[in-house]
1. In this structure, does Ala58 turn out to be over 18 Å from the mean Cα position of the chain (by Cα) and touching a residue at least 24 places away in the same chain (Cβ under 8 Å)?
2. How about the range 94-134: which of its residues are small (Gly, Ala, Ser) and surrounded by fewer than 17 Cβ atoms within 10 Å (Cβ to Cβ)?
3. Of the numbered conditions (1) assigned by TED's automatic domain parsing to the domain that holds Gly291; (2) surrounded by fewer than 16 Cβ atoms within 10 Å (Cβ to Cβ); (3) at pLDDT 95 or above, Arg156 satisfies every one except a single condition; which is it?
4. Looking at the range 4-15 only, could you name the residues that are under 9 Å from Arg28 (Cα atoms) and crowded, with 18+ Cβ neighbours inside 10 Å?
5. Assess whether Leu320 counts as being over 13 Å from Val198 (Cα atoms) and surrounded by 22 or more Cβ atoms within 10 Å (Cβ to Cβ).
6. Counting just the residues of the range 272-300 that are among the hydrophobic types (A, V, I, L, M, F, W, C) and in contact with a Gly (Cβ under 9 Å, 6 or more places away or on another chain), which one comes out modelled with the lowest pLDDT?
7. Just to verify a result, which residue in the range 223-256, among those that are assigned to a loop (DSSP other than H, G, I, E, B) and over 21 Å from the mean Cα position of the chain (by Cα), is farthest from Gly174 (Cα to Cα)?
8. Taking interchain pairs and intrachain pairs at least six residues apart, which have beta carbon atoms under 9 angstrom, with the first residue in the range 257-286 and part of a helix (DSSP H, G or I) and the second among the hydroxyl-bearing types (Ser, Thr, Tyr) and surrounded by fewer than 17 Cβ atoms within 10 Å (Cβ to Cβ)?
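The values are calculated or read from the model by the stated rules, or taken from the named source; none is laboratory data. Please read these numbers as outputs of a predicted model, since none were measured by experiment. Note: ideal-geometry Cβ built from the backbone for every residue, glycine included; neighbour counts use all protein chains shown.
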Amino acid sequence: MTRTVVIVGAGIGEQHMAGFAALPDRFRVKSICDLNTDRAQGVAAKYDGVGVTSDFAAVLADPEVDIVDICLPPHLHFQACMDALDAGKDVICEKPLVTSLKQADALAAKQAETGRTLSPVFQYRYGLGTAQLHALIDAGLAGRCYAGSLETHWDRDAAYYAVDWRGTWAGEQGGALLGHAIHIHDLFTWLIGPVARVYAETATRVNQIEVEDCAALSIRMESGAVLTSSVTLGCAGNISRLRLMFEGFTVESDHAPYALAEKGWTFTARAPTDQTQIDAVLGTVTNARSGYEGMFTALADALDGKPGREVTQEDGRRSLEFVTACYHSGRTGLSVDLPLDASHPLYDSWIP
């Protein structure tokens with residue numbers, strides 16, 4: 001089945017457009033909706049049959065539209081998602097899904113009320129590297145995860161923060177933990193399960209902004225695995241890296257900052273597992289759709305009744321729960337146990 005999509009926001013929406021265009025048998029982008037119609041036209045003109053509009057209400061009223069893809073600044077996500085669900089549309093929404101656990105739970109209630117699908121964007125999950133790791137786990141070669149390390153070492157200078165809503169609590173709603181490291185933090189929980197406890201040190205050291213641009217996290221998983229996460233926007237370059245130590249092997253991701261799983265990962269056997277066993281499984285995984293193309297494929301499969309690899313509303317909430325716990329820990333100097341519910345002091349908002 002081919003579903004009709006409207007992309008709302010032509011910034012990151014340009015990358016979404018490329019992902020949809022790679023899947024013409026699954027999606028048709030009808031138009032790009034943006035108040036800046038010149039920017040939208042610059043994206044739409046690269047593709048046949050894609051229109052431009054600035055009228056979000058008309059998009060929601062259009063019975064031809066199946067999916068509304070929200071690519072707006074974070075502080076606009078909640079209302080746009082609520083309106084699209086109320087209009088009977090399935091929704092894709094860029095990260096962060098919303099900007100509080102209270103909003104996330106309100107969206108979950110709206111999703112249940114309308115019966116529509118809500119899929120946050122976590123495109124890091126998709127690619128050859130993660131397909132290889134899943135194949136090894138499915139083959140029984142991984143065993144327990146003992147420990148791991150995560151790195152989000154990116155470079156964001158003053159020019160990046162010249163956009164008026166960036167670097168502010170009102171506009172961006174958070175810093176590096178919310179807008180940058182959120183991808184790798186979703187990835188490791190997707191791979192090895194829920195977080196049980198986190199201790200966070202946060203700081204603003206690189207740019208003159210309101211929100212954090214550096215963080216160091218100590219994490220314990222429900223499984224017992226222990227991890228660290230290092231985050232900075234003051235690196236000489238842009239590097240993301242995930243390294244996990246399983247019973248059967250150690251895996252290190254590729255280092256590409258925006259497509260961590262696109263290329264194959266490095267797997268080193270740990271006795272008694274033999275490298276030949278690892279390599280035999282890896283030889284069966286030769287390609288996988290990556291990034292937005294992979295995410296949209298998983299969503300289309302789920303909408304067609306074959307769920308399992310799609311990003312869910314629950315995943316979006318879990319990512320925000322982790323951010324909430326990190327902000328609370330960073331401000332109190334205490335470790336924070338998860339999960340978090342409505343009784344948590346930052347449930348309504350983590351904004352100072």
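1. Working: over 18 Å from the mean Cα position of the chain (by Cα): yes; touching a residue at least 24 places away in the same chain (Cβ under 8 Å): no.
No.
2. Listed by number, the residues that qualify are Ala106, Ala108, Ala109, Ala112, Gly115.
3. (2)
4. Step one: list which residues in the range 4-15 are under 9 Å from Arg28 (Cα atoms), which gives 4-6.
Correct list: Val5, Val6.
5. Values: over 13 Å from Val198 (Cα atoms): yes; surrounded by 22 or more Cβ atoms within 10 Å (Cβ to Cβ): yes.
Here the answer is yes, as Leu320 does meet what is asked.
6. Residues of the range 272-300 that are among the hydrophobic types (A, V, I, L, M, F, W, C), as a first pass: 278, 280-282, 285, 288, 295-296, 298-300.
Narrowing further to those that are in contact with a Gly (Cβ under 9 Å, 6 or more places away or on another chain): 278, 282, 285, 288, 295-296, 298.
Numbers: Ile278: 98, Leu282: 98, Val285: 97, Ala288: 94, Met295: 97, Phe296: 98, Ala298: 97.
The residue in question is Ala288.
7. Keep residues of the range 223-256 that are assigned to a loop (DSSP other than H, G, I, E, B), which gives 223-225, 233, 247-248, 253-256.
From what is left, the residues that are over 21 Å from the mean Cα position of the chain (by Cα) are 223-225, 247-248.
Values: Ser223: 29, Gly224: 29, Ala225: 27, Glu247: 36, Gly248: 38 Å.
This residue is Gly248.
8. So the pair list comes out as Gln275/Thr268; Ile278/Thr268.
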